[in-house]
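A.B. asks: The structure's right below; bear with me while I get my questions together.
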Amino acid sequence: MSRIFGIDLGTTNSLIAVMEGERPRILADPATGDPLLPSVVAITPQGEVFVGEQAIAMEPHLTVERDGRIHAIGFEGGEAGAVVRSVKRYMGLGGDEVAAEDRHRYSFADFSGPVVRFAVGKRTFTPSQISAEILRALKARAEAALGEKVERVVITVPAYFNDGQRQATKDAGRLAGLEVMRLVNEPTAASLAYGLNQLAEGRVAVFDLGGGTFDISILNIKGGIFEVLATNGDTHLGGDDFDRLLVDLLLADLPHQLRLDRHIWNSARLAAEAAKKELSDQDQARMKLALPDREVCKAVTRAEFERMADPLVGRSLKRCRMALTDAGLAPGEVDAVVLVGGSTRIPLVRRRVAELFGREPLCSLDPDHVVALGAAVQAGVLMGSQGDMLLLDVVPLSLGIETMGGVMERLIHRNTTIPTNVTEGFTTAVDNQTHVDIHVVQGERELAADCRSLARFKLGPIETQPAGLPRIQVSFLIDANGILNVTAHDVRTGREHSVDVKPSYGLTDDEIERMLEESIDLGEQDLEQRMLISARNDAAQLLGALSKQLDEYGSLIGAQERVQVQECAAKLEAARNGTDRAYISALVEELNQLSTPFAERIMDYAIGRALEKKSVEELS
Amino acid sequence: MMQCPSCARPSEPRLTCPQCGAPLGVELDLFAALGLPHKLVLDSRELERIYHETGRRIHPDRFASATPAVRQASLKSTALLTRAYRTLRDPVARGRYWLELMDEKLAENNQRVPADLAELVFEVQEQLGELRGARNGNANSLGAAMKARRAELEEIVNTTQEELERNFARWDSGAGERQDLVNELKSALSTIAYVRTLTRDVDRALDSATADIKTN
């Protein structure tokens, strides 16, 4: 089976890594040697896609031509083609959830649907589709570097991502033709990378301030188990916000209309980003912006920048204190602090973090690489090559249902270790009611309306009965990816109930299927390949089980029946390493049918034995 | 009897298959999930050891490439194991679960004031009212008094919890009248639940009072 790769799908940069022997390694672009792939996607009006540096060159900006004149170039969005950066900020958002300051940055299709859509030419693209392009570029890069197929991946997400944002990330993987084996929280992934050899056992705080998101996770590391005690964060706090402070400063004297111009804004952003980086090493930086009729110049000192940035850093520290409270720890009780994410290069951030925890933070691994390295380690865990290492993460936000009066009833509290499940009983309120509606929300507020709507479920059809009589058990299960799964069954009949899921935001399965069909890059071959692997797995499983059963319960099968089963098994054994998927599947089906009576007899026999044992115990 | 989704051999319903060790994915009572007898006194370190050791073997990350049925079983069993650990490691949650197992209902919502706390509760409520209506000037001193009260409440929870654990030991040893013990368990758990709710109210009032001081 193919190896599993680790992907850091970042706001600013994305990376892909894999375990090589005992250590994770980042796979750089074979052409340029650059380990980082800028998370920027350009789509031409004809639908051609570019990712990374090429896309950056197509962003709208101002440039000085050879004739000395200033020109506005690049794709402005809409009919002209678009360049999207920081798409992660839009993942899982509904149209109405796009922040006011983000609305003028791109051409959006509309602000009312359950999913944000970028308008490009005559088509629209969801954030998952755009992220899928980044994933495809990473896949291509790794395949070129190693000469092997990339099919299965681990993708990292901010720990504070809600259900919808996680689902959108998984959708992106699917759209890129990848099997997403696991989503891992970024700070936890970082702790795995550090945990390989840089960290002793104990309590660790991971402070992860990236390009667009902030996470704090507090972990306890013991005997190879990485157990998250609490996590908190802000999915809209990161390097982009620091840049924006400097952009606002640089553009302060321009008329409002010009400040909204995408060419000007983007050029200003580039100048701001450069100045921010300079201010990490120097006391002063100059930002310059050449406009057609004038040149705008602003000098900024580190002290000034720190004054502006302090409230942002303060927001992250407040989240740290909340996480510490939830973990039941005082700041001084943390044994180590780890810095992750490019924005932790800002001296102010380092200083404030050191002050809060009363110790110097660790940053021996490159803060831009550490999450991808950790993703590769987790991929190693999934391949069974990391020994006893195990990650126990938590759900970042409480999950509950809307009850009478609009109050949120918490079913799963934030910081509960996942996977976790809870079962809740439901019944009808009026006679002969045939459906029960359940509204699932996520968040920490008292009223359901103040939390984020996750999905609405319709239970039913229920047999018509007097009110209060039907009893339906609904199980809410959050898997290791932090994604909710709902199942329901009737208590009296034991029958599984169908649960009609209507996600409040995000894409439905049908929509994803349609996008997959539309996507040209995903060849039929990939699909066939995956189906073949799955058929082979089924065959191996069935043959293994059958051979054990024949060994142990040989007396329960007749001679003729045994010959039939064994002949079919031999055919399957011979076929299962071939490439005829349909034939393997047909044989699996045939063997299953042939051996079912035998399996049933084993079960009857075992039940009989158990009853016998019980009656003997009762007698004695 | 059920069939192990991994090795297909029959097994009693347990957390893991006795033959191949894979998770079976069945629902069990929380003591059984951790392989423990129905005893109320538990060693928290031993509990953590079982949780980690079992979790290591049955977690979905160990079955990433297995069949969907095995993965589903691993998911369910791990969720059960986690729920068992979280419930049983906390004496209060353990006591409540125990009553549930015995079909003894604890009062639905703990609104009734436990008799021996009536006076204290009355005083705390009065203080809360004052703090909520306070202006900047005296909010500080009221806040300090409230914090002292909070410590008092915490102390009550601690002593009641100790009492609870003494009763756990008595139950396990088989000493004493069963019904009396059940009643004592119930009363201790109600007291803790009530005082905890009150403490949360106090914390909220303190939080908003300090926030007011900062913004003004």
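The values are calculated or read from the model by the stated rules, or taken from the named source; none is laboratory data. Every value quoted in this text rests on a predicted model; they were computed, and no experiment measured them. Glycine also receives a Cβ, built like all others from the backbone with ideal geometry; neighbour counts cover every protein chain displayed.
A.B. asks: Give A:391, A:348 a once-over and let me know the one that is assigned to a strand (DSSP E or B), more than 27 Å from residue A:468 (Cα to Cα) and not polar (S, T, N, Q).
C.D. replies: A:391
A.B. asks: Mind listing just one residue for me: the one in the stretch A:288-308 that is modelled with pLDDT of 95 or more and touching a helix residue (DSSP H, G or I) at 6+ places or on another chain (Cβ under 6 Å) and, of those, surrounded by the most Cβ atoms within 10 Å (Cβ to Cβ)?
C.D. replies: Of everything passing the filter in the stretch A:288-308, A:306 is surrounded by the most Cβ atoms within 10 Å (Cβ to Cβ).
A.B. asks: From A:596, A:579, grab the single residue that is part of a loop (DSSP other than H, G, I, E, B), at pLDDT 80 or above and either more than 44 Å from the chain's Cα centre (by Cα) or within 23 Å of residue A:542 (Cβ to Cβ) (or both).
C.D. replies: A:579
A.B. asks: In the stretch B:39-62, which residues are free of Cβ contacts under 8 Å to residues at least 40 places away in the same chain, closer than 19 Å to residue A:478 by Cα and either of a type in the set (A, V, I, L, M, F, W, C) or not in a loop (DSSP other than H, G, I, E, B) (or both)?
C.D. replies: Across the stretch B:39-62, the qualifying residues are B:51, B:55, B:56, B:60, B:61, B:62.
A.B. asks: Right, next: Within the stretch A:549-563, track down each residue that is over 16 Å from residue A:600 (Cβ atoms) and either within 12 Å of another protein chain (Cβ to nearest Cβ) or β-branched (Val, Ile, Thr) (or both).
C.D. replies: A:551, A:563
A.B. asks: Continuing with this model, one more query. Would you check if there is a residue in the stretch A:195-202 being in a strand (DSSP E or B) and either within 14 Å of chain B (Cβ to nearest Cβ) or not small (Gly, Ala, Ser) (or both)?
C.D. replies: So far as the stretch A:195-202 goes, no, none of its residues is in a strand (DSSP E or B) and either within 14 Å of chain B (Cβ to nearest Cβ) or not small (Gly, Ala, Ser) (or both).
A.B. asks: Given the condition part of a loop (DSSP other than H, G, I, E, B), crowded, with 19+ Cβ neighbours inside 10 Å and among the charged types (D, E, K, R), answer yes or no: does some residue in the stretch A:32-50 qualify?
C.D. replies: no
A.B. asks: Given the conditions (1) crowded, with 16+ Cβ neighbours inside 10 Å; (2) touching a residue at least 40 places away in the same chain (Cβ under 8 Å); (3) closer than 21 Å to residue B:188 by Cβ, and given that residue B:160 satisfies all but one, which numbered condition is not satisfied?
C.D. replies: Single failed check for residue B:160: (2).
A.B. asks: For residue B:97, indicate whether it is of a type in the set (Phe, Trp, Tyr) and either away from chain A (no Cβ under 12 Å) or surrounded by 23 or more Cβ atoms within 10 Å (Cβ to Cβ) (or both).
C.D. replies: yes
A.B. asks: I need the full set of residues from the stretch A:183-215 which are closer than 21 Å to residue A:482 by Cα and of a type in the set (Asp, Glu), in order please.
C.D. replies: A:186, A:208, A:215
A.B. asks: I'm trying to understand the selection: among the residues of the stretch A:153-177, which are under 22 Å from residue A:369 (Cα atoms) and in a loop (DSSP other than H, G, I, E, B)?
C.D. replies: If the condition is that a residue be under 22 Å from residue A:369 (Cα atoms) and in a loop (DSSP other than H, G, I, E, B), then A:158, A:159, A:160, A:161 are the ones that fit.
Each row is one residue, and each column tells you yes or no for (1) in contact (Cβ under 8 Å) with a residue 60 or more places away in the chain; (2) over 24 Å from residue A:341 (Cα atoms); (3) among the hydroxyl-bearing types (Ser, Thr, Tyr); (4) surrounded by 20 or more Cβ atoms within 10 Å (Cβ to Cβ).
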{"residue": "A:13", "(1), (2), (3), (4)": "yes, no, no, yes"}
{"residue": "A:21", "(1), (2), (3), (4)": "no, yes, no, no"}
{"residue": "A:70", "(1), (2), (3), (4)": "yes, yes, no, no"}
{"residue": "A:74", "(1), (2), (3), (4)": "yes, yes, no, yes"}
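A.B. asks: Within the stretch A:381-406, work out how many residues are within 13 Å of chain B (Cβ to nearest Cβ) and among the β-branched types (Val, Ile, Thr).
C.D. replies: Residues meeting the conditions: 3.
A.B. asks: What number of residues within the stretch B:12-25 are surrounded by fewer than 20 Cβ atoms within 10 Å (Cβ to Cβ) and either outside any loop (DSSP other than H, G, I, E, B) or at negative phi (or both)?
C.D. replies: Residues meeting the conditions: 6.
A.B. asks: Right, here's the next one. Examine the stretch A:251-273 for a residue that is modelled with pLDDT of 95 or more, out of contact with any Leu (no Cβ under 7 Å at 6 or more places or on another chain) and among the hydrophobic types (A, V, I, L, M, F, W, C), and state whether such a residue exists.
C.D. replies: No, there is no match, as no residue in the stretch A:251-273 is modelled with pLDDT of 95 or more, out of contact with any Leu (no Cβ under 7 Å at 6 or more places or on another chain) and among the hydrophobic types (A, V, I, L, M, F, W, C).
A.B. asks: How about the stretch B:26-35: which of its residues are in contact (Cβ under 8 Å) with a residue 40 or more places away in the chain and part of a loop (DSSP other than H, G, I, E, B)?
C.D. replies: B:26, B:27, B:28, B:29, B:34
A.B. asks: Moving to a separate point now. Restricted to the stretch B:1-43, and to residues that are under 20 Å from the mean Cα position of the chain (by Cα) and within 14 Å of another protein chain (Cβ to nearest Cβ), which residue is farthest from residue B:178 (Cα to Cα)?
C.D. replies: Filtering first and then ranking leaves B:27.
A.B. asks: Scanning the stretch A:212-228 for residues that are more than 12 Å from chain B (Cβ to nearest Cβ) and of a type in the set (Gly, Ala, Ser), which turns out nearest to the chain's Cα centre (by Cα)?
C.D. replies: A:212
A.B. asks: For the stretch A:458-481, what are the residues that are crowded, with 19+ Cβ neighbours inside 10 Å and either within 16 Å of residue A:505 (Cβ to Cβ) or acidic (Asp, Glu) (or both)?
C.D. replies: A:479 - this is the single residue of the stretch A:458-481 that is crowded, with 19+ Cβ neighbours inside 10 Å and either within 16 Å of residue A:505 (Cβ to Cβ) or acidic (Asp, Glu) (or both).
A.B. asks: Follow-up question, since we're still on this one. Among residues belonging to the stretch B:75-92 that are more than 23 Å from residue A:328 (Cα to Cα), within 9 Å of another protein chain (Cβ to nearest Cβ) and in contact with a helix residue (DSSP H, G or I) (Cβ under 7 Å, 6 or more places away or on another chain), point out the one that is surrounded by the most Cβ atoms within 10 Å (Cβ to Cβ).
C.D. replies: That would be B:78.
A.B. asks: While we're here: Is it the case, given these coordinates, that residue B:64 is crowded, with 16+ Cβ neighbours inside 10 Å, under 22 Å from the mean Cα position of the chain (by Cα) and within 14 Å of another protein chain (Cβ to nearest Cβ)?
C.D. replies: No; evaluated as a whole, the condition is false for this residue.
A.B. asks: Evaluate the stretch A:228-239: report whether one residue or more is in contact (Cβ under 8 Å) with a residue 40 or more places away in the chain, under 30 Å from residue A:98 (Cβ atoms) and in a helix (DSSP H, G or I).
C.D. replies: yes
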